[in-house]
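Asker: Got a structure for you, questions after.
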Amino acid sequence: MPKRSVRDLDVAGKRALVRVDFNVPLENGQVADDTRIRAVLPTLELLLSGGASAVLCSHLGRPKGKDPKYSLAPVAARLAELLGKPVAFAGDTAGPDARAKAAALKPGEVLVVENTRFEEGEAVKGKDAAGNKIETFDPAFSQALAALGDFFVNDAFGSSHRAHSSVVGVTHYLKPAVAGLLVEKELDMLSRVYHAPQEGFVVILGGAKVDDKIGVIRSLLPKCGTMLIGGAMTYSFMAAQGRPIGASLLLPASLEAARGILADSRPEDLARLRLPHDVHMTEVGTNYQRRKIVPVAFMREHWEGLDIGPETAREYADIARRAQTVFWNGPMGMFEVEPFGEGTRAVATGLAESAGLTVVGGGDSARAIQEMGFAEKVSHVCTGGGASLEFLAQGDLPGVAALDDA
């Protein structure tokens with residue numbers, strides 16, 4: 001169901017609590033890549049120009065306790081540079097400092113509070129209806145966060161697959177709870193992929209772990225026209241078929257997931273699943289110096305596949321180029337080590353030259369397409385790899401479902 005948007009609110013004189021995704025890389029105490037900070041600027045500018053003040057909360061990394069190296073202080077400093085105005089910073093998340101500085105905000109002013117994962121209440125262990133272990137929210141911490149704002153805006157798409165206090169819990173105690181402009185755009189693009197007509201719908205999946213993508217494979221394989229597999233996922237599917245893979249990467253959980261997909265899927269769906277027919281291999285222990293391009297039938301012991309081969313790359317790129325809708329998640333090989341980035345580059349080129357809807361699902365594929373200079377030539381690059389996969393697997397996300405319906 002469509003969700004209420006920040007565009008729908010009269011925000012003048014009110015204080016917005018905004019969940020953002022400022023989980024950015026830091027180097028020497030400074031932000032090394034501000035892409036995720038820039039992504040939330042349209043929502044902030046809409047709020048501030050409308051006469052609101054804003055309290056921003058986010059996680060950063062996976063700290064164990066209150067580790068200073070995961071402080072959001074450098075992020076607040078970079079945000080101030082991007083906004084061209086001061087940004088206040090609170091040394092706690094929802095404690096005395098945050099409450100005092102939030103209360104003192106005037107219209108047009110911004111406060112960033114400390115890392116939500118410094119607080120034990122951000123994510124607590126629980127169980128779902130089936131008794132499975134899950135992470136959920138803490139009511140007390142959720143209420144403390146809610147007290148910082150007059151309404152809630154979720155603009156952290158990359159965190160919306162987490163049912164944490166700052167994503168889901170706060171919506172139980174603070175209304176209205178609406179989508180920010182970034183979340184709105186992500187949902188629009190991914191919904192168009194999820195509901196794409198089967199004819200001309202191509203899904204390209206790479207990376208190492210089939211088990212990470214099992215949900216999206218099961219969801220989209222019956223819906224798409226073609227599903228192209230690359231990266232180390234290739235070898236999980238080949239091994240599941242009983243084919244030799246040499247010394248190529250094979251993760252037990254991925255092998256089990258591939259076997260499950262092959263066993264459970266209908267024959268007409270499996271006919272849409274394509275694996276590479278040639279690979280770029282290197283001999284183990286030669287520091288990538290001894291390399292061969294071989295048909296997959298001739299994979300050898302002591303050699304590992306690190307990229308799709310050139311024939312497969314040309315085929316995949318051509319399929320992407322002619323598609324009406326493309327969703328791509330995961331590189332085709334070890335793209336960070338040349339020459340094993342050629343397959344990923346070919347796929348990125350195919351997307352860039354496509355006249356259809358082209359969506360890149362975050363993670364390493366987003367990094368690759370940005371580094372290769374194609375990010376501006378595709379329809380959309382998702383800001384959350386895990387969130388985009390879960391949305392396409394389930395058709396919804398906990399952090400989205402928790403927002404007010406339109």
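The values are calculated or read from the model by the stated rules, or taken from the named source; none is laboratory data. None of these values were measured; they are calculated from a predicted model. Here the Cβ positions follow ideal geometry from the backbone for every residue, glycine too, while neighbour counts run over all protein chains shown.
Asker: Between residues in the range 245-259 that are without any contact (Cβ under 8 Å) to a residue 40 or more places away in the chain and in the same structural domain as G231 (by TED's automatic domain parsing) and residues that are of a type in the set (F, W, Y) and crowded, with 18+ Cβ neighbours inside 10 Å, which pairs lie under 6 Å by C-beta distance while being six or more apart or on different chains?
Answerer: Matching pairs, first to second residue: L250/Y235.
Asker: Let me ask something additional. Which condition breaks for D318 when tested against (1) surrounded by fewer than 23 Cβ atoms within 10 Å (Cβ to Cβ); (2) assigned to a loop (DSSP other than H, G, I, E, B); (3) in contact (Cβ under 8 Å) with a residue 12 or more places away in the chain; (4) not aliphatic (A, V, I, L, M)?
Answerer: With respect to (1) surrounded by fewer than 23 Cβ atoms within 10 Å (Cβ to Cβ); (2) assigned to a loop (DSSP other than H, G, I, E, B); (3) in contact (Cβ under 8 Å) with a residue 12 or more places away in the chain; (4) not aliphatic (A, V, I, L, M), D318 is out only on (2).
Every residue, every condition in (1) surrounded by 23 or more Cβ atoms within 10 Å (Cβ to Cβ); (2) at pLDDT below 95; (3) out of contact with any Pro (no Cβ under 8 Å at 6 or more places or on another chain), yes or no:
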{"site": "I134", "(1), (2), (3)": "no, yes, yes"}
{"site": "F137", "(1), (2), (3)": "yes, yes, yes"}
{"site": "V170", "(1), (2), (3)": "yes, no, yes"}
{"site": "V193", "(1), (2), (3)": "yes, no, yes"}
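Asker: Scan the range 252-261 and give yes if some residue there is assigned to a loop (DSSP other than H, G, I, E, B) and farther than 23 Å from K292 by Cα, otherwise no. If you could, list the steps in order and put the result at the bottom.
Answerer: The initial filter retains those residues of the range 252-261 that are assigned to a loop (DSSP other than H, G, I, E, B), namely none.
Scanning the range 252-261 turns up no residue that is assigned to a loop (DSSP other than H, G, I, E, B) and farther than 23 Å from K292 by Cα.
Asker: Tell me which residues, restricted to the range 367-391, are in a helix (DSSP H, G or I), of a type outside the set (D, E, K, R) and surrounded by fewer than 24 Cβ atoms within 10 Å (Cβ to Cβ). Break it down stepwise before answering.
Answerer: Just the residues of the range 367-391 that are in a helix (DSSP H, G or I), to begin with: 367-371, 375-377, 385-391.
Still in the running and of a type outside the set (D, E, K, R): 368-370, 375, 385-389, 391.
Q370, A375, G385, G386, listed by residue number.
Asker: Give the residue that is modelled with the highest pLDDT, with candidates limited to residues of the range 100-128 that are surrounded by fewer than 21 Cβ atoms within 10 Å (Cβ to Cβ) and either touching a Cys at 6+ places or on another chain (Cβ under 9 Å) or within 18 Å of H172 (Cβ to Cβ) (or both).
Answerer: For the range 100-128, the residue satisfying everything is V124.
Asker: Right, next: Quick one: how many residues across the range 67-124 are among the hydrophobic types (A, V, I, L, M, F, W, C) and part of a helix (DSSP H, G or I)? Outline the logic, then answer.
Answerer: Filtering the range 67-124 down to residues among the hydrophobic types (A, V, I, L, M, F, W, C) leaves 72-73, 75-77, 79-80, 82-83, 87-90, 94, 98, 100, 102-105, 110-113, 118, 123-124.
Retained after the next criterion (residues that are part of a helix (DSSP H, G or I)): 73, 75-77, 79-80, 82-83, 98, 100, 102-103, 118.
Here the count works out to 13.
Asker: Moving on to the next point. Assess whether M281 counts as being in a helix (DSSP H, G or I), crowded, with 22+ Cβ neighbours inside 10 Å and either over 23 Å from the mean Cα position of the chain (by Cα) or not assigned by TED's automatic domain parsing to the domain that holds A355 (or both).
Answerer: Numbers: in a helix (DSSP H, G or I): no; crowded, with 22+ Cβ neighbours inside 10 Å: yes; either over 23 Å from the mean Cα position of the chain (by Cα) or not assigned by TED's automatic domain parsing to the domain that holds A355 (or both): yes.
So M281 does not fit the description; no.
Asker: Follow-up. Looking only at the range 19-31, decide whether some residue is within 20 Å of T93 (Cα to Cα), in contact (Cβ under 8 Å) with a residue 60 or more places away in the chain and either surrounded by fewer than 19 Cβ atoms within 10 Å (Cβ to Cβ) or touching a strand residue (DSSP E or B) at 6+ places or on another chain (Cβ under 6 Å) (or both).
Answerer: Within the range 19-31, one or more residues are within 20 Å of T93 (Cα to Cα), in contact (Cβ under 8 Å) with a residue 60 or more places away in the chain and either surrounded by fewer than 19 Cβ atoms within 10 Å (Cβ to Cβ) or touching a strand residue (DSSP E or B) at 6+ places or on another chain (Cβ under 6 Å) (or both).
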